[in-house]
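Below: the structure, in structure tokens.
What follows is calculated from the coordinates using simple rules that are stated; it is not laboratory data. The structure presented is a predicted model; accordingly, all values stated were derived computationally and were not measured. FYI the Cβ positions are ideal-geometry reconstructions off the backbone, even for glycines, and counts take in every protein chain you see.
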Amino acid sequence: MLELKGIKKDYLAGENTVHALKGIDLRFRRNEFVSILGPSGCGKTTMLNIIGGLDQYTEGDLIINGRSTKDFKDRDWDTYRNHSIGFVFQSYNLIPHQTVLQNVELALTLSGVSKAERRKRAKKALEDVGLGNQLSKKPSEMSGGQMQRVAIARALVNNPDIILADEPTGALDTETSIQVMEILKEISRDRLIVMVTHNPELAEQYSSRIIRVLDGKLTDDSRPLTEEEYQ
Ligand code: ADP
Ligand code: ADP
């Protein structure tokens, strides 16, 4: 489904070049719940952003469903981001003065479906994360765990193949983190989930595969895919 081939990423920071990723080779498929662990600054967010098409790689190739992205035009990246990827962030990134339902509907604005259909799908996504009875609440009236579930519903509403989550439980207590992980595990049944986390216990308990990164390089992959599994 997704392959990183020799991915390198350099950032220019004033006079200096930061080598954020130094050649990453990885393959992912559907049904995987992958956790990425590593110290701050090792390149985890950069990797997630490259996988999600939010940031361009400097060298190497990202292969999406067998297709190289080297010749992707802006339009191809837009399509990929809008239809194949859902993002979940540590800080939820919800619009505070809009209702929960509106927040989720907004993700469908570019999808070309009717207002009525948008509403129906948004409701369904919120039901799927256990918030079907909170549609008219504002994020500011909710707990962190509830806000993160709204953010997951928003990521799911386009029915993407891939969910990318950057420290989704970073701002949550243990009990709420577990609720969020249960939901992510559930939705990984017919998708690929790639999650950056600082919590090795949650990674061990909930993900199907753990990848460790240090200083822009992979240091461990608990379950690399065989050639056969990747096909
Ligand atoms: P992590 O997510 O593991 O904390 P990041 O991917 O955010 O790591 O960052 C990897 C390295 O790249 C760090 O040294 C960071 O300072 C640097 N970096 C990240 N984004 C930028 C940027 N936009 N400009 C310059 N340097 C960056
Ligand atoms: P995290 O540890 O969660 O990755 P960071 O504080 O490293 O968070 O980065 C937050 C944001 O700032 C990221 O989007 C990253 O691209 C950007 N960033 C990180 N380091 C730098 C840097 N040295 N220069 C410019 N932007 C940076």
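Kindly indicate the residue of the stretch 212-226 that is part of a loop (DSSP other than H, G, I, E, B) and within 12 Å of ligand 1 (Cβ to nearest atom) and also farthest from ARG27 (Cα to Cα) among those meeting that condition.
Taking the stretch 212-226 as the starting set, the residues that turn out to be part of a loop (DSSP other than H, G, I, E, B) are 215-216, 222-226.
Applying the additional criterion that residues be within 12 Å of ligand 1 (Cβ to nearest atom) yields 215-216.
Values: ASP215: 20, GLY216: 17 Å.
So the residue we want is ASP215.
Looking at this structure, is ARG209 away from ligand 1 (no atom under 16 Å from the Cβ), more than 20 Å from ARG27 (Cα to Cα) and surrounded by 15 or more Cβ atoms within 10 Å (Cβ to Cβ)?
On the way: away from ligand 1 (no atom under 16 Å from the Cβ): yes; more than 20 Å from ARG27 (Cα to Cα): no; surrounded by 15 or more Cβ atoms within 10 Å (Cβ to Cβ): yes.
No, not satisfied.
How many of the residues making up the stretch 8-58 are among the aliphatic types (A, V, I, L, M) and either within 18 Å of SER208 (Cβ to Cβ) or not in a strand (DSSP E or B) (or both)? Can you show your working first?
Just the residues of the stretch 8-58 that are among the aliphatic types (A, V, I, L, M), to begin with: 12-13, 18, 20-21, 24, 26, 34, 36-37, 47-48, 50-51, 54.
Checking the rest, the ones that are also either within 18 Å of SER208 (Cβ to Cβ) or not in a strand (DSSP E or B) (or both) come to 26, 34, 36-37, 47-48, 50-51, 54.
Of the residues in that region, 9 qualify.
Conditions: (1) touching a strand residue (DSSP E or B) at 6+ places or on another chain (Cβ under 6 Å); (2) not in a helix (DSSP H, G or I); (3) not β-branched (Val, Ile, Thr). SER136 meets all but one. Number of the miss?
(1)
Look through SER84, SER68, SER91 and report the one residue that is surrounded by 15 or more Cβ atoms within 10 Å (Cβ to Cβ) and out of contact with any helix residue (DSSP H, G or I) (no Cβ under 6 Å at 6 or more places or on another chain). Please lay out each step first, then the result.
On the way: SER68 fails: surrounded by 15 or more Cβ atoms within 10 Å (Cβ to Cβ); SER91 fails: surrounded by 15 or more Cβ atoms within 10 Å (Cβ to Cβ).
Being surrounded by 15 or more Cβ atoms within 10 Å (Cβ to Cβ) and out of contact with any helix residue (DSSP H, G or I) (no Cβ under 6 Å at 6 or more places or on another chain) holds for just one of SER84, SER68, SER91, which is SER84.
Would you call GLY170 among the small types (Gly, Ala, Ser), within 16 Å of ligand 2 (Cβ to nearest atom) and either in a loop (DSSP other than H, G, I, E, B) or without any contact (Cβ under 8 Å) to a residue 40 or more places away in the chain (or both)?
Values: among the small types (Gly, Ala, Ser): yes; within 16 Å of ligand 2 (Cβ to nearest atom): yes; either in a loop (DSSP other than H, G, I, E, B) or without any contact (Cβ under 8 Å) to a residue 40 or more places away in the chain (or both): yes.
When the stated conditions are applied, GLY170 passes them.
What number of residues in the stretch 2-34 are within 13 Å of ligand 1 (Cβ to nearest atom) and touching a helix residue (DSSP H, G or I) at 6+ places or on another chain (Cβ under 7 Å)?
So the count comes out to 5.
Taking PRO39 as meeting all but one of (1) under 18 Å from SER222 (Cα atoms); (2) near ligand 1 (Cβ under 8 Å from one of its atoms); (3) surrounded by fewer than 22 Cβ atoms within 10 Å (Cβ to Cβ); (4) within 13 Å of the chain's Cα centre (by Cα), write down the number of the exception.
It is condition (4) that PRO39 fails.
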